[in-house]
Amino acid sequence: MTALLEVSGVSVTFDGFRAINNLSISIAEPELRAVIGPNGAGKTTFMDIVTGKTRPDKGKVLWGERSVSLLGMSESEIARVGIGRKFQKPTVFEEQSVGDNLAMALRNRREPFRVLFYRRSDADTARIREIAEEIGLADDLPRRAGDLSHGQKQWLEIGMLLAQDPRLLLVDEPAAGMTPAEREHTTDILKRAARTRAVVVIEHDMEFVRRLDCRVTVLHEGSVLAEGSLDHVTQNQQVIDVYLGR
Amino acid sequence: MARSMNARRTRFLAENPSVLWFLAGLSCFVIAVTVLAEGSGVSILSTSMVKVLGMTLCLCLVAVAMDVVWGYCGILSLGHFAFFGLGGYAIGMWLMYARTQGIIVESLSQALIPPTPTEIKDAIATQIFGVVGSNELPLIWGFADSLTLQLLMVVLVPGLLALVFGWLAFRSRVTGVYLSILTQAMTLALSLYLFQNDTGLRGNNGLSGLQNIPGLEAWPQSTLALWFFWASALALGVGYVLFAWLVSGKFGSVIRAVRDNEARVRFLGYHVESYKLVVFTLTAVVSALAGALYYPQAGIINPAEIAPIASIYLAVWVAIGGRGRLYGAVIGAAVVSLASSWFTGGGAPDIELGFYRINWTDWWLVLLGFGFVAVTLFFPRGIGGLFDYLVRKS
Ligand SMILES: Nc1ncnc2c1ncn2[C@@H]1O[C@H](COP(=O)(O)OP(=O)(O)O)[C@@H](O)[C@H]1O
Ligand SMILES: [Mg+2]
């Protein structure tokens with residue numbers, strides 16, 4: 001089992017403030033990984049670095065069997081090698097229908113002229129339906145995405161992630177604003193996705209993490225504090241001090 | 001295969017009923033103008049009126065292009081009228097050259113010794129460039145004797161300018177108001193450049209006599225006006241359908257997404273800059289074609305036409321008509337430009353207030369300004385937004 005994503009020795013400074021400090025994380029394929037840590041620990045910034053939104057001051061981010069560096073790539077290139085992302089604040093295209101949001105995310109050619117002459121195939125229509133059912137929005141396909149509830153938008157964004165069919169899913173706080181039943185459904189979707197791919201989930205809610213039942217990485221002040229099973233890390237004295245003790 | 005093409009076309013029209021309504025409206029308008037025009041004998045509409053209407057259709061076409069680039073893709077370009085003007089200049093060069101050539105060949109044909117081609121060329125150059133104190137044909141007029149090549153210039157010059165400008169601007173991720181300022185700067189630079197006498201386009205004299213079409217000297221202006229009107233209507237119809245198709249499918253979905261949140265579109269794997277470049281360049285080319293149809297009807301083009309304010313008006317038309325709904329741009333351009341020529345052309349009676357006389361030639365811009373502010377504040381969807389109420393009611 002070689003690493004799909006290898007982050008090593010990465011540091012980022014914002015106006016003199018070191019948000020990420022010599023961070024190293026390795027993700028395998030398939031794998032489900034939870035990343036926890038107090039607010040401001042650098043969890044979202046970690047995803048920003050992997051997806052090309054933020055350039056690190058130093059360190060390496062390597063991808064895939066051939067260990068290509070992601071650091072020289074643009075956001076869209078990184079997305080096309082197979083990294084999908086769900087944002088902390090749900091960001092869907094509110095003016096467009098649920099179906100069109102999913103269609104845009106579907107894994108198809110993305111060059112302008114290909115898209116101009118694209119016609120939705122039956123296979124694509126079926127795939128959109130299938131995803132919509134999985135995220136519980138099957139009856140909402142023609143609805144304007146902006147009219148969905150907060151939880152439904154979260155799901156739509158997860159659906160867009162699935163439609164992209166990436167090798168690595170980066171999911172930032174997927175359960176925020178969801179009811180307990182919705183949370184349970186979300187864990188199911190993520191666990192199913194992680195059977196064949198790498199999935200990294202940032203989450204605050206311990207119940208949610210426990211249900212994910214996977215390896216956990218604890219971040220604190222921009223670096224890894226502990227890593228292992230949830231029981232293992234929650235017994236770590238440092239973790240208790242900085243995170244659980246409060 | 002043919003059947004599936006047909007099915008696709010039918011589906012496109014069925015999903016976009018506004019396109020059918022638009023085409024129907026345009027056809028009725030064309031028929032009405034044709035029947036009433038001087039060129040067909042009825043003479044209710046004068047030739048100059050037919051020209052104004054034909055020119056208005058060209059303005060509607062640039063407005064539709066502006067709506068695609070701004071209303072759909074979110075790029076507030078304040079430079080699309082520069083592309084319109086460049087298209088006019090490109091066709092104007094052929095019109096002026098070929099016509100001058102005709103006149104000179106005719107007058108020299110009386111001479112005892114037939115003139116050499118060089119003599120003819122020199123005579124044309126002196127005739128055209130005498131006003132700016134030159135008797136040499138500038139290099140950029142090298143293709144001016146060929147209609148085909150000059151038509152190619154109508155597309156290539158503005159197209160390449162848009163491509164290079166867009167590539168530089170989008171690649172550096174210049175967006176929002178900074179991009180608008182950059183497009184204004186480009187427009188200002190271009191118009192100041194054209195004002196120079198030694199740029200080979202006759203400085204502030206511009207190109208004139210464009211209403212005389214070489215080879216069609218025998219045609220009366222009333223007939224020419226009708227043909228140009230029809231050509232303008234055809235261009236608007238074709239351009240409208242093309243753009244409606246462009247914005248209706250997945251491509252339209254992506255550019256609207258770029259407008260609303262371009263960073264998010266990147267994380268979906270789309271190369272946002274390429275999309276912007278395609279839209280910017282394509283709309284620039286359509287604007288240039290509209291300009292190439294407009295100026296033979298106007299008869300004259302000069303650098304003032306390219307002034308930055310013209311491109312700002314274009315944005316005002318689209319805003320008043322309603323963004324992101326192509327017919328809104330058509331309505332905005334038609335209403336505002338026709339009202340403008342009515343008010344500034346002395347059509348509107350002055351208002352006597354006793355202590356002050358409101359003269360519309362001066363006050364029209366104030367009225368337009370208030371109209372723009374009112375629409376922005378109270379009807380953000382513009383005039384076109386009224387159709388939403390109709391559709392919802394029915
Ligand atoms: N673009 C930015 N500019 C300045 N500071 C930032 C930026 N992004 C994040 N930070 C700071 O970096 C730290 C880590 O943030 P973040 O990664 O969002 O934490 P979290 O673990 O809660 O997701 C925070 O202190 C935040 O204020
Ligand atoms: Mg965060």
All positions within segment A:112-133 that are of a type outside the set (Phe, Trp, Tyr), surrounded by 14 or more Cβ atoms within 10 Å (Cβ to Cβ) and part of a loop (DSSP other than H, G, I, E, B): A:ARG120
Only one of these conditions is not met by B:GLY39: (1) over 30 Å from B:TYR193 (Cα atoms); (2) open to solvent by 60 Å² or more (accessible area, probe 1.4 Å); (3) part of a helix (DSSP H, G or I). Which number is it? (2)
Count of residues meeting criterion [under 22 Å from the mean Cα position of the chain (by Cα) and of a type in the set (D, E, K, R)] in segment A:213-246: 4
Tell me which residues, restricted to segment B:222-252, are more than 18 Å from B:VAL62 (Cβ to Cβ) and part of a helix (DSSP H, G or I). B:SER222, B:THR223, B:LEU224, B:ALA225, B:LEU226, B:TRP227, B:TRP230, B:TRP245, B:SER248, B:LYS250, B:PHE251, B:GLY252
Within segment A:40-69, residues being in a loop (DSSP other than H, G, I, E, B), within 14 Å of ligand 1 (Cβ to nearest atom) and in contact (Cβ under 8 Å) with a residue 60 or more places away in the chain number 3
Taking the conditions exactly as written (under 26 Å from A:GLY159 (Cα atoms) and facing chain B (nearest Cβ under 10 Å)), does A:ILE27 satisfy them or not? no
If you go through segment A:163-175 one residue at a time, how many are in contact with a Gly (Cβ under 9 Å, 6 or more places away or on another chain) and open to solvent by 10 Å² or more (accessible area, probe 1.4 Å)? 3
Restricting segment A:5-38 to residues that are without any contact (Cβ under 8 Å) to a residue 24 or more places away in the chain and within 16 Å of ligand 2 (Cβ to nearest atom), which is farthest from A:MET73 (Cα to Cα)? A:PHE17
Tell me, which helices (runs of 4 or more DSSP H) wholly within segment B:311-394 include 1 or more residues that are under 24 Å from the mean Cα position of the chain (by Cα)? B:326-344, B:360-378
When residues of segment A:139-190 are limited to those that are more than 16 Å from ligand 1 (Cβ to nearest atom) and among the β-branched types (Val, Ile, Thr), the one modelled with the lowest pLDDT: A:THR179
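For every residue, the table says whether it meets (1) more than 14 Å from every other protein chain (Cβ to nearest Cβ); (2) away from ligand 2 (no atom under 14 Å from the Cβ); (3) farther than 26 Å from A:VAL233 by Cα; (4) surrounded by fewer than 17 Cβ atoms within 10 Å (Cβ to Cβ).
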residue: A:ALA3; (1), (2), (3), (4): yes, yes, no, no
residue: A:ASP48; (1), (2), (3), (4): no, no, no, no
residue: A:GLY52; (1), (2), (3), (4): no, yes, yes, no
residue: A:GLU65; (1), (2), (3), (4): yes, yes, yes, yes
residue: A:ALA79; (1), (2), (3), (4): no, yes, yes, no
residue: A:PHE87; (1), (2), (3), (4): no, no, no, no
Would you mind finding the one in A:VAL224, A:VAL199 that is within 16 Å of ligand 1 (Cβ to nearest atom) and either without any contact (Cβ under 8 Å) to a residue 24 or more places away in the chain or among the β-branched types (Val, Ile, Thr) (or both)? A:VAL224
Please state which of the following conditions A:SER69 fails to meet, knowing it meets all the rest: (1) within 16 Å of ligand 2 (Cβ to nearest atom); (2) open to solvent by 20 Å² or more (accessible area, probe 1.4 Å); (3) more than 13 Å from A:GLY222 (Cα to Cα); (4) more than 14 Å from chain B (Cβ to nearest Cβ). (1)
Failed criterion for A:GLY136 (all others in (1) in contact (Cβ under 8 Å) with a residue 40 or more places away in the chain; (2) open to solvent by 20 Å² or more (accessible area, probe 1.4 Å); (3) within 16 Å of ligand 1 (Cβ to nearest atom) hold): (3)
Of everything in segment B:65-89 that's aliphatic (A, V, I, L, M) and assigned to a loop (DSSP other than H, G, I, E, B), which residue is nearest to B:GLY206 (Cα to Cα)? B:LEU78
Which one of these is without any contact (Cβ under 8 Å) to a residue 60 or more places away in the chain, polar (S, T, N, Q) and closer than 30 Å to B:VAL279 by Cβ: B:THR187, B:THR148, B:THR175, B:THR100? B:THR148
Restricting attention to segment B:266-279, does a residue exist that is away from every other protein chain (no Cβ under 14 Å) and buried (at least 23 other Cβ atoms within 10 Å of the Cβ)? no
Flag if B:ALA310 is under 30 Å from B:GLN211 (Cα atoms), more than 14 Å from chain A (Cβ to nearest Cβ), small (Gly, Ala, Ser) and open to solvent by 30 Å² or more (accessible area, probe 1.4 Å): no
Which numbered condition in (1) more than 13 Å from ligand 1 (Cβ to nearest atom); (2) open to solvent by 30 Å² or more (accessible area, probe 1.4 Å); (3) not in a loop (DSSP other than H, G, I, E, B) is the only one that A:GLU94 fails? (3)
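The values are calculated or read from the model by the stated rules, or taken from the named source; none is laboratory data. Quick caveat, the model's predicted, so the values are computed rather than measured. Heads up, the Cβs are rebuilt from the backbone with ideal geometry, glycines too, and the neighbour counts pull from every protein chain shown. The accessibility values were calculated without ligands, DNA or RNA, using every heavy atom of the protein model including side chains. Shrake-Rupley method; radii C 1.70, N 1.55, O 1.52, S 1.80 Å.
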